[in-house]
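Novice: To start, I am sharing the structure in question, which I have written as structure tokens.
Nothing in this text is a laboratory measurement; each read-out follows from the coordinates by a stated rule. A quick note: this is a predicted structure, and the numbers were derived from the prediction, not measured. Backbone-built Cβ (ideal geometry, glycine too); neighbour counts: all protein chains shown.
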Amino acid sequence: MVAVQYYLLLSGAIFCIGLFGILTRRNALFFLMSVELMLNAANINLVAFSFQYGNLTGQVFSLFITALAAAEVAVGIGIILVLYRNFGDVDVTKATTLRW
Amino acid sequence: MIIELLIGLCLLGTVVVLVSPSRYAPRLAAGWSLLPLVVSLLMYAGFNGRGNALLGGQLAYETMVSWVSLGPYALNWHVGLDGISMPLIVLSTVLTTAAIVSAWTPIEERENQFYGLVLFLEASLVGVFAALDFFVWFVFWEAVLVPMYFLIAIWGGPRRKYAAIKFFVYTNVASLVMFIGFFALIFGLGNSIQSLDMPAIAQALRAGELGSTGAIAPSTLKTLAFVAMFAGFAVKVPVVPVHTWLPDAHVEAPTPVSVLLAGVLLKMGTYALLRFNFTMLADVAQQYAPIIALFAVVSVIYGALLALAQQDLKRIVAYSSVSSMGYVILGLVAYTVYGVGGATFQMLSHGLISGLLFACVGVMYNITHTRMVDDMSGMADRMPVTTSMFVAGAFAYMGLPLTSGFLGEYFVFLGTFGADFPGAAWFTAISMFGIVIVAGYLLYAMQRTLFGSFSLETDYGADGVRTDGGENADEHLESEADHDVHRAAAHDIVPLAILLALVIVLGVAPEIAFGMIRDAVSPMLAAGGAG
Amino acid sequence: MTTRPRLNLGSHLIPGLVALALFVVLALVFLTASFPAPQGFDGAPITPSIGYAMFDLAGGQIPSESFLIAFEIIDLVLIAALAAAVMLARREGDGKLVGIEEIRTDGGHSRDSTTDADADPDSGSDAEVTNDTDPNTATGSDTATPTGEEAN
Amino acid sequence: MSVAEASTTAFAFEVAPAIAVLPLASFVIALFAGKYFPKKGALAGVTATGGSLLLSLWVMLTVAGGAYYNEEIYTLVSTPESFDLHFGVLLDPLSALMLVIVSLVSFLVHVFSLGYMNDEGERGLPRYYAGLGLFSFSMLAFVFADNLFMSFVFFELVGLCSWLLIGHWYREDAPPSAAKKAFLVTRFGDYFFLIGVVAVFATFGTATFAGSESFPVLAEEALTDGGAGGELSTFGLGAQTWFTVLGFLILGGVIGKSAQFPLHTWLPDAMEGPTPVSALIHAATMVAAGVYLVARMYGFYALSPTALAVIAFVGGFTALFAASMAVVKRDVKQVLAYSTISQYGYMMLGLGAGGYVAAVFHLMTHAFFKALLFLGAGAVIIAMHHRQDMWEMGGLREKLPVTYYTFLAGSLALAGIVPFAGFWSKDEVLYEALVHGLTDPLLLVAYLMGLIAVFFTGFYTFRMVLLTFHGEPRTHTARNPHLPGWNVKFPLVVLGILATVIGLTNMTPVAEATGLEIEFLHTWLEHGIEGLNSEHYGELLETVAGYSAAELSPLLAAALSLALALGGAGLAYSLYSGDRPDRHTDRLGDARTLLMNNYYQDEYQVWIAETFGTGVARLSDRFDQSIVDGAVNGVSSVSLFSGGRIRRIQTGIVSNYATLLTLGLVALLLVVGLTGGWFL
């Protein structure tokens, strides 16, 4: 059986790729995609540990996370729409009115 | 349950006044504030407490209800009065009514909110003086700040925002420091107390049950806690050098609020010092008596000197409050019956007199629209009654015999001169010089504003705002301002007269208050040496 | 509008390094940690068990908590997200969708009236509002950092 | 003493508090209801002080019968743990005498005020009479005070009344300023007095004047047999030194109130008040409070030769100093003001030199003749339509005969011409100073200064009389004076008679020469409560203070001072007696400038007040605004500034936040991992 470390490494790698996307992209849609990547990294973790402990909870939770991801995308796209409406762009670095 | 009734009446009044229409609010609030006044007077008449509240004395009107359990400490609703707090509660109710009535003229917008906040302030003040559980006390202590902040920030003068924030931040930081100091003590006491009950804490501390906290030895812990609490309360008093919020707050606050601020809020500081520092940690206080006395003397002289340099009547009275409160500290540190009793009496007396003076300045301001000494002259000609009140109040402030101002200071001097700590006589003698300076600046201010030939220069007159429709457009400024100077209304004068009457009654028959004060103070002294 | 992405080491180097650092740390942690051998499910049916667990039914062979309430909550969350997405996409105030001037939610009543009376002030104001850019736009671009320009 | 007699004496003493309470009632009536009365409160005042006078006389008669009274009547504060504060009544020969003097002068001044204030149509009369009533109340209560605390209380209250009455014409600029100055200067003295009172309490635990538990007695015991002395806390000093310090502290109040050098500067300015007020407060009674206080607690001062010597020296110096300034004044009230200072200097000299009876005698005669002179000056001022410059007067003798003759009687008394009152009393003061001074050089210097002052007194008194009443009228007003009414003349006549004859009560030189027992005042003061009589004081002076009197005939001293007084008067007569006298003082040149400017006493005191009061106040205000408040504002500025810098982390760009989050996570993981040993 594959040791849990490798799953973790995989999830870590996917997470960091998603993170890299968030850190470097400015387009909000890319943000959403990157976040999806990170959520899936979490899913891998859950499933891996579910397997590790022989407990189903992790698997069920990954399902929930998929559902949550859907909700997140729905809201996220709504936010992007508003962003576009208010700033005429979906560049996240332009929406800086909340800073001070 | 009568204390709860008192606080409840004030809170109910807050709600009622807040929801009432603005135009009825002044009279409604004044009428309503008579209820707590009457209740407190009845309480005073029926007062049957004996001894000191924190040192196992018999409390009047005590209520003790278990409330919540917070970890190892039970939290009780514990209120009760002794001879120290009873007069201060009456002072609060009297001054609140006086402040409300004196606000009729100057407060012209959002009246319902103003009077509602004042009544809320009254509830908090009564709570501070009545609470005997630290948690309850602290809630009221902090609750005082909220209405005060808004009263200054909404109805204040041009720099009201600055003053209100300064006041709030200053006193709040002070509360934090004090809170840390007090909780250091609580943790040091460990299992010897089961609640935050102040009498229990005081008795445990006096019994020497303070353990060490961490690496800090009990004696060091006591000293540190004393310093933290003193620093915290000193801001409220205020003691030099943490006094600078006071003149700003006073100058910017509307006059009725100044009445309460000087009259009662400052007393919270000295009251807390008396209860916490000087009752609970009497031995530390006695150990560091010369240093505390030094602070007191500096406050007295420096505050008086500052008052001497001011041009604004309100600033003069504000700085002289710093000076007067210095006497209170000096009396507390003496640990004699005249010292501590005199300090308490001085709290009472200063509350009445400074309230009176502020109200007088307010009446003059309502009419002249200025408080600058340079702008006015010969006001006695146009407002003889207000002038008489001002003169009487000023002389009371100077410590004229047969007014309470004299006795308050005199008791303190009597008590401190022969006190045990080194240099007591010198400290007393030097602080007494305050009575000369106070006479200097009050007489000087009175001579320039009240006497001489009448003249008045204000922006109000210079703006050309006329009430006569410009009929006498050729007449010069003086007569124009003259036109605006009218006699004060009766409702402006009545609070002044009542305060003045109280000042004289207390000055002629001090036993009315001093009897119970002395009774409450003497247990402190007996145990003070041993503690 | 966003432009075609291209690798720009100048501004991507640091974020890349940060992400890499996180990965390195994670990897270090994972690799140095020791885990017991995985228990696995011993060939028990996983998917049916998930179904049983999800609806709090007996019959699942693999141990797990029951998730009925969580399931219901996720349902609510999804609906809320849907509603929120719709809310966000709608324009505040006058109930019109962004950029789609002519879609009406009132069954076309006002449209009829607009055609009936050309000079209806309503339609005029509608157009105005639609073309109006939010005042925030101005502030937003004012305060945009120089990096915002780079992406274009 | 029979039972009936005992009960009547007791009754006289029991109603004694009414002596003070009656004027208090008139104060209340005048203040609140004065404007509804026909004479605006004057009648209430006249009635009340008249009643006080009758009661005082009754008390005096009772005291003459050998009964004394020393009771607490009102306890202000009682503390079981510490000393009580109470008001009490002490009636002995001294206080009974003073009560009569005060109530008599007060009564006459009330009557005079009818002419001076009411008839002249002054405004604010209820306030005026309220002030007079309050003053009479305070002064009378001060006189019968049985302890130092009560004395202080009423000492301060008379100060308030003085302020109120000097500033009566508050619409002008000068009176409020003078009132302020009077209060402040006396307050400065009272500061020391207050320390003294508090220190007396702290030392002795009591402040009563009379009785075995009184502080003079305790002090005496501490010094003589040392029995109780060990229990007294003397603040680390020897008992003798500490008592001297206490004496000096209380003396501060005395010097302020009795206008002794260097705190005399307020009294001439106080002449801005209405003239009856000057007569009552600033000549006859309030100013006497200081001297009276020393006399009251003479048993204490007699214990300290240092304090006595200082009192005598200050007194002698003040007598000469003030008399020299009176020589050049143009304003009739100013002359009288400086002469008042000078005369109180004599009283202090008498007290300090051990002449207790002499000082009290001079206090009594001075009260009458100085009140007379002021009221006479008031009558002149009425006549002159409120002009006070003597160079605008002249020739008033024919127009105002009653005023002239009574004023002359007062002047002769002031100058010390036999047989008028001032001669006997001043002479006795000087005699006492001389006989004790022959053994003590400091006292001798004081005596010499007092003696020279006699010459000046004679000069300025007659300069005043001659300029005012003799010669040709120098102005139109002086030719057509306004004639005063009965209410002006009546007090003048009463006081004129008293000024002429009151000295006869104590003709020491005559008694010495003839051997007759006619020193009535000596006899009067010899009795009294134990420890509070001149006999006892004499013993104390000899045994404790070590005073000794040289053998000298009083006739010699009397002749010397009379010769000097006549010399001064004669010089004045030769210079100013003509129809059109010259301004001879101009010939003094620079000295005149110096004297007219009062030796620049006001200037240097104002300079001190400005520098050390206002100057230091300004400095501390600047310090407060810049340093103390600056520190407070600095803290907030630092917070605001650093906040302004730190907030720049908040760029508003999501990517940056995410970077920071990631960095934070990495750092956290590293820290936790390193400390938790994960990477091993």
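Novice: Taking the Cα centre of the protein assembly as shown as origin and charging only Cβ (+1 Lys, Arg; -1 Asp, Glu), how large is the dipole, in debye to the nearest 20? Kindly include the intermediate steps, with their values, before the conclusion.
Specialist: Values: 65 positive and 110 negative charges, 271 e Å.
Its charge dipole is roughly 1300 debye.
Novice: What is the Cα centroid distance between region D:315-342 and region D:367-441, reported in whole angstrom?
Specialist: Each part's Cα centre sits 12 Å from the other's.
Novice: A further question on this structure: Could you tell me the center-to-center distance, by alpha carbons, between region B:5-69 and region D:178-195 in angstrom?
Specialist: 43 Å
Novice: List the GluC sites (Glu not before Pro) in region B:85-152 that DSSP assigns to loop (not H, G, I, E or B) and whose Cβ has at most 12 other Cβ atoms within 10 Å. Which are they?
Specialist: Numbers: sites: B:Glu108, B:Glu109, B:Glu111, B:Glu122, B:Glu142; in loops: B:Glu108, B:Glu109.
Answer by residue number: B:Glu108, B:Glu109.
Novice: Provide the per-residue ³J(HN,Hα) series for region D:664-676, in order, calculated from phi with Karplus coefficients 6.51, -1.76, 1.60 and θ = phi - 60°, each as a whole number of Hz, with x at glycine and proline positions.
Specialist: Karplus-based 3J(HN,Hα) across region D:664-676 equals x, 4, 4, 4, 4, 4, 4, 4, 4, x, 5, 6, x Hz.
Novice: Now, a different point. Grab the beta carbon distance between D:Arg587 and D:Glu472, set R0 = 30 Å, and tell me the FRET efficiency rounded to 0.05.
Specialist: About 0.90, to the nearest 0.05.
Novice: What list of ³J(HN,Hα) couplings, whole Hz, do you get for region D:531-537 from phi and the Karplus terms 6.51, -1.76, 1.60, once you set θ to phi - 60° and write x for glycine and proline?
Specialist: Whole-Hz 3J(HN,Hα) from phi for region D:531-537: x, 10, 9, 5, 4, 4, 4.
Novice: Summing -39500 (n - 2.57) over the DSSP H runs of n ≥ 4 in chain B and dividing by its residue number, what mean residue ellipticity at 222 nm do you reach, to the nearest 500 deg cm²/dmol? The partial results should precede the final answer.
Specialist: On the way: 24 runs with 362 residues, N = 531.
Calculated mean residue ellipticity at 222 nm is -22500 deg cm²/dmol.
Novice: Per residue of chain D, what 222 nm ellipticity follows from adding -39500 (n - 2.57) for every DSSP H run with n ≥ 4, rounded to the nearest 500? Please report the intermediate quantities before stating the final value.
Specialist: On the way: 30 runs with 458 residues, N = 680.
For chain D, the value works out to -22000 deg cm²/dmol.
Novice: Also, quick follow-up: Once the Cα atoms of helix D:174-204 and of chain D are each reduced to a long axis, what angle between those two axes, in degrees from 0 to 90 to the nearest 10, is obtained?
Specialist: Roughly 80 degrees between the two axes.
Novice: Right, next: Positive end of the dipole of the protein assembly as shown, charges at C-beta (+1 Lys, Arg; -1 Asp, Glu), about the Cα centre: which of D:Met507, B:Ser124, B:Val90 has its Cα farthest in that direction?
Specialist: D:Met507
Novice: What range in chain D is the longest one free of GluC sites (Glu not before Pro) that are in a loop by DSSP and have at most 10 other Cβ atoms within 10 angstrom? Provide the component values of the computation, followed by the final result.
Specialist: Details: sites that count: D:Glu398, D:Glu517, D:Glu551.
So the longest stretch without any such site is D:1-397.
Novice: Can you compute the helix-only [θ] at 222 nm over chain A? Use -39500 (n - 2.57) per DSSP H run of at least 4 residues, normalise by all residues, nearest 500 deg cm²/dmol.
Specialist: Working: 3 runs with 78 residues, N = 100.
Calculated at 222 nm, the ellipticity per residue is -28000 deg cm²/dmol.
Novice: Still on this structure, please answer the following. Need the full-extension length gain, B:Ala497 to B:Val38, defined as separation in residues times 0.36 nm minus the C-alpha distance. One decimal, nm. Don't skip to the answer; put the middle values down first.
Specialist: On the way: separation 459, 0.36 × 459 = 165.24 nm, distance 1.82 nm.
Extra length from B:Ala497 to B:Val38 when fully extended: 163.4 nm.
Novice: How large is ³J(HN,Hα), in whole Hz, for each residue of region B:46-53 in order, when computed from phi with the Karplus curve 6.51 cos²θ - 1.76 cosθ + 1.60 and θ = phi - 60°, using x for Gly and Pro?
Specialist: Once θ is set to phi - 60°, the couplings for region B:46-53 become x, 5, 10, x, 9, x, 8, 4 Hz.
Novice: Here's something else I'd like to know. In nanometres, what is the gap between the two model label sites at D:Trp391 and B:Thr223, each 7 Å from Cα along Cα-to-Cβ?
Specialist: 7.3 nm
Novice: Something else about it: Can you compute the FRET efficiency between D:Arg645 and D:Arg622 using 1/(1 + (r/R0)^6), with r the Cβ-Cβ distance and R0 = 35 Å? Round to the nearest 0.05.
Specialist: Values: r = 31 Å, r/R0 = 0.89.
Efficiency for this residue pair is about 0.65.
Novice: I'd like the orientation of helix D:554-576 relative to chain D: the angle between its Cα long axis and the longest Cα principal axis, in ° from 0 to 90, rounded to 10.
Specialist: The angle comes out near 90 degrees.
Novice: Which one of B:Ala164, B:Val242, B:Ile498 has its Cα pushed farthest toward the positive end of the charge dipole of chain B, where Lys and Arg give +1 and Asp and Glu give -1 at the Cβ?
Specialist: In chain B, that residue is B:Val242.
Novice: Sticking with this one: Cα centroids of region B:336-394 and region A:50-83: how far apart, whole angstrom?
Specialist: The distance from the Cα centre of region B:336-394 to that of region A:50-83 comes to 71 Å.
Novice: Let me ask another. Please list, or write none, the lysines whose alpha carbon is within less than 28 Å of the alpha carbon of B:Lys314, excluding same-chain residues fewer than 8 places away.
Specialist: Once the sequence-local lysines are set aside, what remains near B:Lys314 is B:Lys161, B:Lys166, B:Lys236, B:Lys267, D:Lys180, D:Lys181.
Novice: Is there a simple number for the mean count of other chain Cβ atoms within 10 Å of the Cβ of residues in D:176-183, and what is it? Walk me through the numbers on the way to the answer.
Specialist: On the way: counts 9, 6, 1, 4, 9, 2, 1, 5.
For this peptide, the per-residue mean of nearby foreign Cβ atoms is 5.
Novice: Determine the sum of side-chain charges near D:Gly133: Lys and Arg each +1, Asp and Glu each -1, restricted to other residues whose C-beta is under 14 angstrom from that of D:Gly133.
Specialist: With Lys, Arg at +1 and Asp, Glu at -1, the net is +3.
Novice: Using only the alpha carbons, work out the radius of gyration and Dmax of chain D in angstrom.
Specialist: Both quantities, over Cα of chain D: 31.2, 126 Å.
Novice: Once you put a point 7 Å from the Cα of D:Glu526 and another 7 Å from the Cα of D:Glu14, both along the Cβ direction, what distance in nm separates them?
Specialist: In this crude label model, D:Glu526 to D:Glu14 measures out at 3.4 nm.
Novice: Next question, about the same structure. Could you give the C-alpha radius of gyration of region A:4-87 expressed as a fraction of 2.2 N^0.38 Å, taking N as the number of residues it contains? Before the final figure, lay out the partial values.
Specialist: Numbers: Rg = 14.8 Å, N = 84, 2.2 N^0.38 = 11.8 Å.
Cα-based Rg divided by the globular estimate yields 1.25.
Novice: State, as an integer percentage, the relative contact order of region B:50-209 based on alpha-carbon contacts under 8 Å between residues 6 or more apart.
Specialist: Numbers: 184 pairs, mean separation 41.6, N = 160.
Once divided by the residue count of region B:50-209, the mean separation gives 26 percent.
Novice: Assuming R0 = 35 Å, what is the FRET efficiency of D:Thr514 and D:Val445, from their Cβ-Cβ distance, to the nearest 0.05?
Specialist: Numbers: r = 33 Å, r/R0 = 0.93.
E between D:Thr514 and D:Val445, to the nearest 0.05, is 0.60.
Novice: Taking only complete DSSP H runs, can you tell me which helices of chain A stretch 18 Å or more along their own long axis by Cα positions and average at least 1.6 on the Kyte-Doolittle scale? Show your work: numbers first, answer last.
Specialist: Working: long enough: A:4-24 (30 Å, 1.80); A:28-53 (38 Å, 1.30); A:57-87 (42 Å, 1.54).
Span-like helices here: A:4-24.
Novice: Another question, then. Scanning chain B for helices, which whole DSSP H stretches are 20 Å or more long along the axis (Cα) and average 0.5 or more by Kyte-Doolittle? Intermediate values should be presented prior to the final figure.
Specialist: Working: long enough: B:2-19 (25 Å, 2.81); B:25-45 (30 Å, 1.35); B:85-102 (25 Å, 1.80); B:111-130 (28 Å, 1.15); B:160-189 (43 Å, 1.42); B:218-236 (27 Å, 1.13); B:289-308 (28 Å, 2.45); B:313-334 (32 Å, 1.26); B:337-368 (45 Å, 1.20); B:434-450 (23 Å, 1.31); B:490-508 (26 Å, 2.42); B:511-530 (30 Å, 0.88).
Passing helices, by number: B:2-19, B:25-45, B:85-102, B:111-130, B:160-189, B:218-236, B:289-308, B:313-334, B:337-368, B:434-450, B:490-508, B:511-530.
Novice: Shifting gears a bit: On average, how many beta carbons from a partner chain sit within 10 Å of the beta carbon of a residue in D:68-81? Before the final figure, lay out each step's value.
Specialist: Working: counts 0, 0, 0, 0, 0, 0, 2, 1, 9, 15, 4, 12, 4, 9.
Per residue, the average neighbour count from other chains is 4.
Novice: Tell me the net charge near D:Ser339. Cut-off is 13 Å between Cβ atoms, D:Ser339 excluded, with +1 for each Lys or Arg and -1 for each Asp or Glu. Don't skip to the end; give the middle numbers.
Specialist: Details: positive: D:Lys329, D:Lys333, D:Lys370, D:Lys426, D:Arg463; negative: D:Asp331.
Net of charged neighbours comes to +4.
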